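Any read-out appearing in this document is the output of simple, stated calculations on the displayed coordinates, not a laboratory observation. Since the structure is predicted, the reported quantities are computational estimates derived from the model, not experimental observations. All Cβ positions, even for glycine, are placed from backbone atoms using ideal geometry, and neighbour counts span all protein chains on display.
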Amino acid sequence: VIRMCLSQHLLIVVVGDSAVGKTQLLGRFTKDEFHFDSKSTIGVEFQTRTLNLNRKRIKAQIWDTAGQERYRAITNAYYRGAVGAMLVYDVTRRHTFDHIAKWIEELRANADNSIVVVLIGNKSDLVGKREVSLDDAVEFAEEQGLFFSEASALSGENVETAFLMLLEEIYGVV
Ligand code: GDP
Ligand code: MG
């Protein structure tokens, strides 16, 4: 008997305005790394992390928008096959939160209807610079029927739990 260790591939996309911390959230989740001097992502890129979830081996392939967030021209090819999406805003820049509605429209227009979406308010470590209250975000997330968490790619707070919340929901094992 040949036993193969097959892992199931899950495609996740990360979207949101430029500089909200998408690339650093990915780096924190997949490599437990953070870089202050993060360059804006060039070319379509993804990072992967293999993990065990509910005794299943899962390979999460997480796609990072390649700087197109500036031009709002992410093609629907980017969303094809994605089972999960992370919508990211920056708690210290209100307009990145106000744009989330646009990102939701884009997701609805391009992604599969069954895609699981988690809203993330990143940079929760910058306490004194906050422009988006937790209450506003919770209310919006409830209205839109999104899972929600604040997080910090810098400190690592809630990053693991946010990704796991997404992956667990995809599997319906919450
Ligand atoms: P992206 O354009 O959405 O991929 O954003 P990046 O991941 O490149 O991050 C943009 C900038 O925000 C960089 O200077 C990061 O160092 C910084 N940054 C990202 N996440 C955090 C965070 O959680 N806290 C703080 N203080 N800075 C962050
Ligand atoms: Mg980036």
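Scan region 106-174 for chymotrypsin sites (Phe, Trp or Tyr not before Pro) in coil per DSSP, keeping those whose Cβ has at most 11 other Cβ atoms within 10 Å, and list them by number.
For chymotrypsin sites (Phe, Trp or Tyr not before Pro) across region 106-174 that sit outside H, G, I, E and B with at most 11 neighbouring Cβ atoms in 10 Å, the list is empty.
At q = 0.12, 0.14, 0.17, 0.21 Å⁻¹, what is the log10 ratio I(q)/I(0) for region 50-174, with the Debye formula run over Cα points and no solvent?
-0.46, -0.64, -0.96, -1.40
Which value in Å is the Kirkwood Rh of region 115-154 over different Cα pairs?
One decimal place: 10.7 Å for the Kirkwood radius.
On a 0 to 90° scale, report how tilted helix 100-110 is relative to the longest principal axis of the chain, with both axes built from alpha carbons and the result rounded to the nearest 10.
Orientation of helix 100-110: about 40 degrees from the principal axis.
What percentage of all Cα-Cα pairs in region 73-135 are separated by more than 14 Å?
Every Cα pair in region 73-135 considered, those over 14 Å come to 59 percent.
Quick check: residue separation of residue 47 and residue 33 times 0.36 nm, minus the Cα distance between them. What number comes out in nm?
The span from residue 47 to residue 33 would gain 3.8 nm if fully extended.
If exposed trypsin sites (Lys or Arg not before Pro) are those in a DSSP loop with at most 11 other Cβ within 10 Å, what is the longest stretch of the chain that has none?
With trypsin sites (Lys or Arg not before Pro) excluded where exposed in loops, the chain gives 73-174 as its longest stretch.
Could you point to the residue in 78, 149, 124 farthest towards the positive end of the chain's charge dipole, with +1 and -1 charges on the Cβ of Lys/Arg and Asp/Glu respectively?
Comparing the listed Cα positions along the dipole, 78 ranks first.
Can you give the angle from 0 to 90° between the axis of helix 134-144 and the longest principal axis of the chain, with both taken from C-alpha atoms, to the nearest 10?
Helix 134-144 sits roughly 60 degrees off the main axis of the chain.
Student exercise: in the chain, how many lysine pairs 8 or more apart or on different chains have Cα atoms under 16 Å apart?
Total qualifying Lys-Lys pairs in the chain comes to 4.
Write down the percent of antiparallel bridges among all DSSP beta bridges whose residues are both part of the chain, to the nearest 5.
Here the share of antiparallel DSSP bridges comes out near 30 percent.
Helix 22-31 sits at what angle to the longest principal axis of the chain, using alpha carbons and giving 0 to 90 degrees rounded to 10?
Result, in degrees: 40.
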